[in-house]
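Okay, so here's the structure we're looking at.
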Amino acid sequence: MAAPYRLVSRLAVVSGGGSGIGRAVCQRFASEGASVVVADCNKESAYETLALLSHNHRGQEHMALGVDVSLKDSVETLLNNIQSHYFQPPSVCVSAAGITQDGFLLTMEEKDFDKVIQVNLKGTFLLTQAVSKALVAAGVTKGSIITVGSIVGKVGNVGQINYSASKAGVDGLTRTAAKELSRYGIRCNCVLPGFIATPMTEKVPERVMNKITPFILMGRMGKPAEVADVCAFLASDDSRYITGVSIEVAGGLFIG
Ligand code: NAP
């Protein structure tokens, strides 16, 4: 089925765009007509994504940029580079950059807790703040900010004390951002993926996945494109009356 063209003339920035869910989001947005800025700490993989993006609409222009979302200066440089290239801020922003450093509560090192919070939670804060500041300053009256939480931020997961805390934080951040930004026409929503087949979940041992799969009503892991479909809906006017919500994209996952 051909993708609808709901994002024609939109400029979107996607952090973590070099891999997994972020890459699928970049591909879906481009196929719907958006100009896409692929932003990732891994420049090489960002360029690989760039090479996959379609240009089916006049005026569509994509670019790849390096960024470390956990550093304020790096995020500000990203926004400056986008604005000097396109002469406008991105009206769609997806914070998909994320990491895991798994460990149990009783043994986790402080540095592993801090690192995951810095990338997943602070990184989402910095990008959300920089994009919304730029939109407000430019007088843009329509925007869609999409954050990527996780089902484990809601239900917890053994061995992910840092990750689940970071993702619960992303959920709360998104609801507050929605309350503060609605007056500017900026909607903020969060997607909560379950277990999606990406390089991140390749690290999960097979025996662990075999234990989890029976708790997924749909009986399988999700595909990055299935998360990207929901992001495209949230980016588009089809979701124009939706803000401050979190949408599970988890195949009915219940972690017992
Ligand atoms: P992924 O394939 O590992 O992609 C994450 C991307 O983010 C990678 O390209 C990574 O680069 C980049 N990144 C890491 N730290 C960064 C930083 N400081 N600044 C900029 N980019 C950075 O992971 P994924 O599975 O697609 O995950 C995407 C998002 O979905 C994450 O927020 C993740 O927590 C969330 N999520 C995933 C699942 C799942 O089952 N896969 C479930 C729930 C939520 P490197 O590869 O160089 O580190």
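Can you tell me which residues in the range 183-219 are part of a helix (DSSP H, G or I) and either over 20 Å from the mean Cα position of the chain (by Cα) or among the aromatic types (Phe, Trp, Tyr) (or both)? It would help to see each step written out before you state the result.
We begin by selecting, within the range 183-219, every residue part of a helix (DSSP H, G or I); these are 183-184, 199-202, 206-215.
Scanning the range 183-219 gives 183, 184, 206, 207, 208, 209, 210, 211, 212, 213, 214, 215.
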Please work out which one of (1) closer than 27 Å to residue 167 by Cα; (2) open to solvent by 20 Å² or more (accessible area, probe 1.4 Å); (3) within 15 Å of the ligand (Cβ to nearest atom) is the condition residue 81 fails and give its number. (1)
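Please determine, by comparing only the residues of the range 187-207 that are more than 6 Å from the ligand (Cβ to nearest atom) and surrounded by fewer than 13 Cβ atoms within 10 Å (Cβ to Cβ), which one is modelled with the highest pLDDT. Even if it seems obvious, please write down each step before you answer.
In the first step, residues of the range 187-207 are kept if they are more than 6 Å from the ligand (Cβ to nearest atom); the result is 187-192, 194, 197, 202-207.
Going one step further and asking which of them are surrounded by fewer than 13 Cβ atoms within 10 Å (Cβ to Cβ), we end up with 202-203, 205-207.
Numbers: 202: 92, 203: 86, 205: 86, 206: 88, 207: 89.
My answer is 202.
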Can you tell me how many residues in the range 25-60 are over 19 Å from the mean Cα position of the chain (by Cα) and of a type in the set (Ser, Thr, Tyr)? 1
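Answer yes or no as to whether residue 127 is within 12 Å of the ligand (Cβ to nearest atom), in contact with a strand residue (DSSP E or B) (Cβ under 7 Å, 6 or more places away or on another chain) and open to solvent by less than 20 Å² (accessible area, probe 1.4 Å). First the steps, then the outcome.
Values: within 12 Å of the ligand (Cβ to nearest atom): yes; in contact with a strand residue (DSSP E or B) (Cβ under 7 Å, 6 or more places away or on another chain): yes; open to solvent by less than 20 Å² (accessible area, probe 1.4 Å): yes.
Judged against the criteria, residue 127 is a match.
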Hits in the range 1-55 - residues which are surrounded by fewer than 22 Cβ atoms within 10 Å (Cβ to Cβ), of a type in the set (Phe, Trp, Tyr) and within 16 Å of the ligand (Cβ to nearest atom): 47
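Taking the range 148-175 as the region of interest, how many residues are open to solvent by less than 30 Å² (accessible area, probe 1.4 Å) and not in a strand (DSSP E or B)? Don't jump to the end; show me each part of the working.
Initial filter on the range 148-175 (open to solvent by less than 30 Å² (accessible area, probe 1.4 Å)): 148-153, 156, 159-160, 162-164, 166-167, 169-171, 174.
Imposing the further condition that a residue be not in a strand (DSSP E or B) reduces the set to 149-153, 156, 159, 162-164, 166-167, 169-171, 174.
Summing the residues that are open to solvent by less than 30 Å² (accessible area, probe 1.4 Å) and not in a strand (DSSP E or B) in the range 148-175 gives 16.
Here is a yes/no grid of residues against (1) polar (S, T, N, Q); (2) touching a Phe, Trp or Tyr at 6+ places or on another chain (Cβ under 6 Å); (3) touching a residue at least 60 places away in the same chain (Cβ under 8 Å):
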site: 71; (1), (2), (3): no, no, no
site: 78; (1), (2), (3): no, no, yes
site: 84; (1), (2), (3): yes, no, no
site: 87; (1), (2), (3): no, no, no
site: 95; (1), (2), (3): yes, no, yes
site: 100; (1), (2), (3): yes, yes, yes
For the range 86-120, which positions are in a loop (DSSP other than H, G, I, E, B) and within 16 Å of the ligand (Cβ to nearest atom)? 90, 96, 97, 98, 99, 100, 101, 102
May I ask you to say which residue of 121, 127, 192 is more than 26 Å from residue 208 (Cβ to Cβ), of a type in the set (A, V, I, L, M) and touching a Ser or Thr at 6+ places or on another chain (Cβ under 6 Å)? 127
Taking the range 220-253 only, how many residues are free of Cβ contacts under 8 Å to residues at least 60 places away in the same chain and more than 15 Å from the chain's Cα centre (by Cα)? 8
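The values are calculated or read from the model by the stated rules, or taken from the named source; none is laboratory data. No experiment lies behind these values; they were computed from the predicted model shown. As a convention, Cβ positions derive from the backbone with ideal geometry for all residues, glycine included, and neighbour counts pool all protein chains shown. SASA here: full protein model, heavy atoms, side chains in, ligands and nucleic acids out. Shrake-Rupley method; radii C 1.70, N 1.55, O 1.52, S 1.80 Å.
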